[in-house]
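Enquirer: Here you go, one structure.
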Amino acid sequence: MTDMSQATSKEVNVSDRSAIDAFLERAWSEQGLADNTLASYRRDLEGTSRWLAAHGGGLDACTRELLYRYFAERSTSGGTSGKGYSARSNARLLSTLRHFYRLRLRQGAIAEDPTLLLDAPKLPRPLPKALSESQVEALIRAPDVDTSLGLRDRAMFELIYATGLRVSELVGLRTSQVNLRQGVLRVTGKGGKERLVPLGEEAQDWLERYYAQARPALLRGRAVDAVFVTNRRAGMTRQMFWTTVKRHALHAGIDAKRISPHVLRHCFATHLLNHGADLRALQMLLGHSSLSTTQIYTLVAREGLKRLHEKHHPRG
């Protein structure tokens, strides 16, 4: 283990330093945490210790009221910019303190965990990235379908955009889950929940072409249960699909910042809403257990419409 006692601030009292060192040693031995993570834990705990020392206490004597004051002060000042720490920074600190005090409680060093009733700050929820319909069309058309790999890529793009599958669901798709006669997929999503997803005529057509031409050429006689395979005669992986998307996006002239592994799933949801899809139906197609998860796409659609209005309306 990296010597976690190096460069310890003199402002941290002996008992706090000992408790921090013991916590980090245990975190390293039990969880195998990286040095950067351990260093981050140390900064958080030493910073808290210094603040508590300035207010007449230490880590083991800390109360819930003191932590409330500490977080309130961090939220309004104390950052390098003088504007206070971000909600994300405070959430990380609270997570560190919860781990620390949980261990101290188990060790009998404290009688009560001061973090118990503290709520984590609400983090801003990033909106999923979605391309315009013309950009999606350019991305889908980018693969060279005269090659086996290009035909496979086109079929994958068509399928994920038509169904909204997660990338893990797409690359994990098995031949037994595809019913081309009925035009549906039987998908097992998060939590082992199964759902039926319609293919759509375009995706079905490209999948049939892939099955008839590209897949046999890639497998060269080998039996593989995965629907989408590589020229190494094995199933696709998430990493390979991500690399494939990035390569074709570059060819289609799409800004790399607009691309994410799930970009076509996000586009599926956003574009359906733009064309009047029902939110409950979309929830079922996406395999979301909660409607609130699906509702994030209404914000994406709303932002897109707002930009469209500002750009084209004479009084935008």
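The values are calculated or read from the model by the stated rules, or taken from the named source; none is laboratory data. Source: prediction; values computed, not measured. Reconstructed Cβ throughout: ideal geometry from the backbone, glycine too, with neighbour counts over all protein chains shown.
Enquirer: Test each condition in (1) of a type outside the set (Phe, Trp, Tyr); (2) more than 17 Å from residue 242 (Cβ to Cβ); (3) more than 25 Å from the chain's Cα centre (by Cα); (4) assigned by TED's automatic domain parsing to the domain that holds residue 263 for residue 112 and report the one that comes out false.
Expert: Every condition holds for residue 112 apart from (4).
Enquirer: Continuing with the same structure: Which residue is surrounded by the most Cβ atoms within 10 Å (Cβ to Cβ), if the candidates are limited to region 240-282 and must be of a type in the set (A, V, I, L, M, F, W, C), touching a residue at least 60 places away in the same chain (Cβ under 8 Å) and outside any helix (DSSP H, G or I)?
Expert: 254
Enquirer: Next up: Criterion first (under 13 Å from residue 135 (Cβ atoms) and in the same structural domain as residue 138 (by TED's automatic domain parsing)) does residue 277 satisfy it?
Expert: No; evaluated as a whole, the condition is false for this residue.
Enquirer: Same structure, new question: So which of 165, 170 is touching a residue at least 24 places away in the same chain (Cβ under 8 Å), in a helix (DSSP H, G or I) and surrounded by 15 or more Cβ atoms within 10 Å (Cβ to Cβ)?
Expert: So the residue among 165, 170 that is touching a residue at least 24 places away in the same chain (Cβ under 8 Å), in a helix (DSSP H, G or I) and surrounded by 15 or more Cβ atoms within 10 Å (Cβ to Cβ) is 170.
Enquirer: Out of all the residues in region 57-70, which are surrounded by fewer than 20 Cβ atoms within 10 Å (Cβ to Cβ) and either among the hydrophobic types (A, V, I, L, M, F, W, C) or within 18 Å of residue 17 (Cβ to Cβ) (or both)?
Expert: Passing the criteria: 57, 58, 60, 61, 66.
Enquirer: Write out, first by first residue and then by second, each pair whose Cβ atoms fall under 6 Å of each other, whose residues are 6+ apart or on separate chains, and whose first residue, in region 33-60, is over 20 Å from residue 102 (Cα atoms) and in the same structural domain as residue 93 (by TED's automatic domain parsing) while the second is among the aromatic types (Phe, Trp, Tyr) and in a helix (DSSP H, G or I).
Expert: 51/70
Enquirer: Can you name every one of the helices (runs of 4 or more DSSP H) wholly within region 11-85 that holds 3 or more residues which are out of contact with any His (no Cβ under 8 Å at 6 or more places or on another chain) and polar (S, T, N, Q)?
Expert: On the way: elements: 14-31, 35-54, 64-76.
Where helices (runs of 4 or more DSSP H) fall fully within region 11-85 and carry at least 3 residues being out of contact with any His (no Cβ under 8 Å at 6 or more places or on another chain) and polar (S, T, N, Q), they are 14-31, 35-54.
Enquirer: Out of (1) outside the structural domain of residue 255 (by TED's automatic domain parsing); (2) polar (S, T, N, Q); (3) in contact (Cβ under 8 Å) with a residue 60 or more places away in the chain, what's the single condition that is false for residue 86?
Expert: (3)
Enquirer: Then there is this: How about region 9-40: which of its residues are surrounded by 14 or more Cβ atoms within 10 Å (Cβ to Cβ) and among the polar types (S, T, N, Q)?
Expert: Those that are surrounded by 14 or more Cβ atoms within 10 Å (Cβ to Cβ) and among the polar types (S, T, N, Q): 13, 15, 37, 40.
Enquirer: Name the one entry in 98, 50, 17, 104 that is modelled with pLDDT of 90 or more and within 30 Å of the chain's Cα centre (by Cα). Give the derivation first.
Expert: On the way: 50 fails: within 30 Å of the chain's Cα centre (by Cα); 17 fails: within 30 Å of the chain's Cα centre (by Cα); 104 fails: within 30 Å of the chain's Cα centre (by Cα).
One residue alone meets the criteria, 98.
Enquirer: Are there any pairs with C-beta distances below 6 angstrom linking a residue in region 128-149 that is surrounded by fewer than 17 Cβ atoms within 10 Å (Cβ to Cβ) to a residue that is among the hydroxyl-bearing types (Ser, Thr, Tyr), with the two at least 6 apart or on different chains, and if so which?
Expert: Correct list of pairs: 129/260.
Enquirer: Working only within region 207-233, note down all residues that are farther than 23 Å from residue 163 by Cβ and part of a loop (DSSP other than H, G, I, E, B).
Expert: Within region 207-233, 220, 221, 222, 223, 231, 232, 233 meet the criteria.
Enquirer: Any chance region 182-197 includes a residue that's in a loop (DSSP other than H, G, I, E, B) and farther than 30 Å from residue 213 by Cα?
Expert: Scanning region 182-197, I find at least one residue that is in a loop (DSSP other than H, G, I, E, B) and farther than 30 Å from residue 213 by Cα, so the answer is yes.
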